[in-house]
Amino acid sequence: MTLSIYNNVATELKPTPTKSHYTFNLRDISKIFQGLCSANAKSVETTTDIVKLWVHENYRVFRDRMVSDDDRNKLNALIDKEYVHALNLTEEQIHGSGRIIFGDYMNGIEIESRNYEIITDINSMIAKFVDYLHDYNEGVKHPMRLVMFLEACDHVSRICRILRQPKGHALLLGVGGSGRQSLSKLATYINNYHLYQIEVTKGFNMSMWRDNLRECLMQC
């Protein structure tokens, strides 16, 4: 199923001048399986659970790059078609309970002991992120005054997933003031990582960039 999705995406969603990042390769397949292997038997007990996880990972690897509803809908149709034909499941069985979100942040325990599991209660997820935000603000000089609505929480969850993966990385695109920096800070805190941020000031040059990069690598 995964190989079929990859082949269809690579064939039907070609890069264009406005979609130059629509480039897909075998690393995308490995990212899907990396996500599947993040869960354990306690998190996915049934075939439906496994398919939901598979759908979620395809969404994160492929759909999060899409820039239009038409492309996203096309991908959704490709994904639904695969599990319906291969496993005789219905779309209602997979999507009937609402949006599919997996994460390891609900229990708030040590990183090594967290389970990558499906989020069954969206309101509980929002409340958990509000708690994380409160804890973050308690320990910094400049607290973030954020409203954790569903879309913001959805983005935090996506960033958390990226950060928990080996060599995870992302390029967040958007207009200034849309929350990319703040949500990344919160996701970094949730994953118990140290944030290194380059401050671009007047007169910032290539030499200063190299110094910042050197300092960051030394901390790593």
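Rule-based calculations on the coordinates, nothing more; no lab input. Computed from a prediction, not measured in an experiment: that's the story for all the values here. Counting neighbours? That spans all protein chains shown, and the Cβs are built from the backbone with ideal geometry, glycine included.
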Filter pass, LYS42 being in contact (Cβ under 8 Å) with a residue 60 or more places away in the chain, under 18 Å from ASN115 (Cα atoms), of a type in the set (Lys, Arg) and surrounded by fewer than 17 Cβ atoms within 10 Å (Cβ to Cβ)
yes
Return the residues of the range 136-161 that are in contact (Cβ under 8 Å) with a residue 40 or more places away in the chain and either farther than 14 Å from ILE100 by Cα or touching a strand residue (DSSP E or B) at 6+ places or on another chain (Cβ under 8 Å) (or both); say none if nothing qualifies.
TYR136, MET144, LEU146, SER157, CYS160, ARG161
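For the range 171-180, indicate whether the set of residues that are assigned to a loop (DSSP other than H, G, I, E, B), farther than 25 Å from GLY35 by Cβ, in contact with a helix residue (DSSP H, G or I) (Cβ under 7 Å, 6 or more places away or on another chain) and free of Cβ contacts under 8 Å to residues at least 60 places away in the same chain is non-empty.
No, there is no match, as no residue in the range 171-180 is assigned to a loop (DSSP other than H, G, I, E, B), farther than 25 Å from GLY35 by Cβ, in contact with a helix residue (DSSP H, G or I) (Cβ under 7 Å, 6 or more places away or on another chain) and free of Cβ contacts under 8 Å to residues at least 60 places away in the same chain.
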If we keep just the residues of the range 128-152 that are over 19 Å from the mean Cα position of the chain (by Cα) and in a helix (DSSP H, G or I), which is farthest from LEU183 (Cα to Cα)?
GLU138
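Which ones in the range 94-108 are assigned to a loop (DSSP other than H, G, I, E, B) and surrounded by 11 or more Cβ atoms within 10 Å (Cβ to Cβ)?
Residues of the range 94-108 that are assigned to a loop (DSSP other than H, G, I, E, B), as a first pass: 96-101, 104-108.
Of everything in the range 94-108, those that are assigned to a loop (DSSP other than H, G, I, E, B) and surrounded by 11 or more Cβ atoms within 10 Å (Cβ to Cβ) turn out to be SER97, ARG99, ILE100, ILE101, ASP104, TYR105, MET106, ASN107, GLY108.
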Taking LEU171 as meeting all but one of (1) out of contact with any His (no Cβ under 9 Å at 6 or more places or on another chain); (2) surrounded by fewer than 11 Cβ atoms within 10 Å (Cβ to Cβ); (3) hydrophobic (A, V, I, L, M, F, W, C), write down the number of the exception.
(1)
Check the range 189-198 and report whether any residue there is without any contact (Cβ under 8 Å) to a residue 40 or more places away in the chain and not in a loop (DSSP other than H, G, I, E, B).
no
